[in-house]
1. Kindly indicate whether B:F135 is assigned to a helix (DSSP H, G or I) and buried (at least 16 other Cβ atoms within 10 Å of the Cβ).
2. Considering only residues that are within 9 Å of chain B (Cβ to nearest Cβ) and touching a Pro at 6+ places or on another chain (Cβ under 8 Å), which ones fall in region A:266-284?
3. Can you name the number of the only condition in (1) in contact (Cβ under 8 Å) with a residue 24 or more places away in the chain; (2) facing another protein chain (nearest Cβ under 9 Å); (3) out of contact with any Leu (no Cβ under 7 Å at 6 or more places or on another chain); (4) in a helix (DSSP H, G or I) that B:A263 fails?
4. In region B:201-227, which residues are touching a Gly at 6+ places or on another chain (Cβ under 7 Å), of a type outside the set (S, T, N, Q), within 12 Å of chain A (Cβ to nearest Cβ) and buried (at least 24 other Cβ atoms within 10 Å of the Cβ)?
5. So which residues in region A:266-299 are surrounded by 21 or more Cβ atoms within 10 Å (Cβ to Cβ), under 11 Å from A:I90 (Cβ atoms) and without any contact (Cβ under 8 Å) to a residue 60 or more places away in the chain?
6. Is there any pair with a first residue in region B:133-148 that is at the interface with chain A (Cβ under 7 Å from one of its Cβ atoms) and a second that is basic (K, R) whose Cβ atoms are under 9 Å apart and which are 6 or more apart or on different chains, and what are they?
7. Being β-branched (V, I, T) and in contact with a Pro (Cβ under 8 Å, 6 or more places away or on another chain) is the filter here, so list the residues in region A:71-111 that pass it.
Amino acid sequence: MLGYALRRLLGVVPTFLLIVSAAFFLMRAAPGGPFDAEQTLPPEIAANLQAAYGLDQPVLVQFGRYLSGLARGDLGPSFRMKDFTVAELIGRGLPVTLTIGAAALVLAVLLGVPLGMLAALRRNGWVDHAVMSVALAGIAVPGFVVAPVLALVFGIRLGWLPVAGWEAGSVRHMVLPVITLALPFVAYVARLTRGSLLEVLQSGYIRTARAKGLAERVVLGRHALKPTLLPVISFLGPAAAALLTGSLVVEQVFGLPGVGRYFVQGAINRDYTLVMGMVIFYAALILLLNLAVDLLYGWLDPRIRHD
Amino acid sequence: MTEGGLWSEAGRRLRNNRAAVIAGGLLVLLVLASLLAPLASRYAIDQVDWTLSPLASPPSLGNGHWFGTDSNGRDLFVRVWSGTQVSLLVALLATLVSLAIGVAWGATAGYLGGRVDEWMMRFVDVLYALPYMFFVIILTVVFGRSLLLIFLAIGAVGWLTMARIVRGQAMALRQREFVAAAITLGLPTHRIIARHIVPNVLGTVVVYATLTVPQVILFESFLSFLGLGVQEPLTSLGRLVAEGALEMETAPWQLLVPSAVLALLLLCLNFLGDGLRDALDPRAD
């Protein structure tokens, strides 16, 4: 297990370095400098600004500096929000993003797994067709359509829930964002669970368990559940990445002060350092979550780690 | 089973799938509407109707604004359909870009096999690990926002799955007699790939392409919704939804009409794609 974990970890490092270099050199390839938008500066001041941000150094020196800053968790200052560093902005937004992301993931598993199992057990019945059609709709209709419509219906027309905003610890403010974010994942998990359970139910050991005369409840709970959940667990890695992408929209629509909102603002304002720092941060987060899922998977399924 | 048998069998299965047939019919209507409506309308997409007061008018048959107008007094009927046109255009072009790269990459890797295959697919694996939405956003920050960039960027990240699928098929085809015959005849490798491998994976490619189109539409509207995609005076469904969301308290139709069209379009494409996949490959669930 330890060897497997180390191999996985070593696989992540080159990918991360590739992402960092790609982000860095893409930013350097940008036409125009970061100070071009402001009024024409006297050459001396422009030179001072360049020096202050280290932009007068050769590109490779800048890259080296950036990497050594990165190793200390320093992602540099934000070009547009002058009083903040990128790391500070991430630190402010992260609790919000992680809270709604984790809640959505839990909701997706708690709803999606039972729905998918129900559909598989009633295969080709009306329950199955209903669940699968709703699931396809949940996957097809994007969050940025669902979010404003939910806000319109439950926030404005019915007035049950706040339309937007965030108060730490307030569950009422979390309901709509979490539902919006979770919807496609509930659908996906349901589909995966259905397909996986159908396959598991055809396998030999399930036939054996039934032949022994075990109750259907025991067959499902003791023998079928764990192998059924394996594809769901391996989906959690990509799901984490998709959740972060989805949170861009949800935070925008519901006005949540999360990481995604700073990222989108940064992209619209062409805040180079902020966008670059956040992409690197997102990449690291996604790689770590994938790694965690891989390890969990290897722990659950010994066939994987001895591959 | 003969080639014709396979296709007619698939066609029969598709026609028996009621959801897919309805989705296909609706899709044809949506495409026709997006092509014809902007021509038939008496308003241009950026034309302000100053006769209205207030400028934001709800849907009405009386004043000729069937879907209402936005808060600048522009006709939503023509804006929604020309937005659909832009979304469909981006989707088609980006899908073609990703198909071209994916098929070429996958067929080459699968046919050649060995060390080359290993490196080519390793490259795909690494790209898979990238948070590509964030990279497309970097691209828009670096190179500005243009329609050309959007479909190049989407096409450039969309080919990975295609490459994997085609590679699997190409590896199987490599063992077949007609490929051995082509090798014996002394055909150069690139001609074997182009003439014998690629035509035989087209069925799979078509199915996967119909599932790629809605993903691309989603991707483009996502960017446009965030304000990073299509720019004025052009519009797209994602942009219209974003504009509508700002006015939803006073003018809910501005949100609901483009949302409904986008949702319908995506649903139709997904149901049709699922139906096609089931029809061509009954074993896949």
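The values are calculated or read from the model by the stated rules, or taken from the named source; none is laboratory data. Just so it is clear, the structure is predicted and the values come from calculations on it, not from any experiment. Don't worry about glycine lacking a Cβ; one is built from the backbone with ideal geometry, like all the others, and counts go over all protein chains shown.
1. yes
2. A:Y272, A:V279, A:Y282, A:A283
3. Failed condition: (1).
4. Residues satisfying the conditions are B:E220, B:L223, B:F225.
5. Answer for region A:266-299, where residues must be surrounded by 21 or more Cβ atoms within 10 Å (Cβ to Cβ), under 11 Å from A:I90 (Cβ atoms) and without any contact (Cβ under 8 Å) to a residue 60 or more places away in the chain: just A:Y282.
6. Here the result reads B:V141/A:R270; B:V142/A:R270, each pair linking region B:133-148 to a residue that is basic (K, R).
7. Selection gives A:T85, A:V86, A:V96, A:I100.
Conditions tested, residue by residue: (1) touching a Cys at 6+ places or on another chain (Cβ under 9 Å); (2) over 21 Å from B:A20 (Cα atoms); (3) touching a residue at least 12 places away in the same chain (Cβ under 8 Å).
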| residue | (1), (2), (3) |
| --- | --- |
| A:T85 | no, yes, no |
| A:I90 | no, yes, yes |
| A:L94 | no, yes, yes |
| A:L98 | no, yes, no |
| A:L118 | no, yes, yes |
| A:L121 | no, yes, yes |
| A:W126 | no, no, no |
| A:M132 | no, no, yes |
| A:V146 | no, yes, yes |
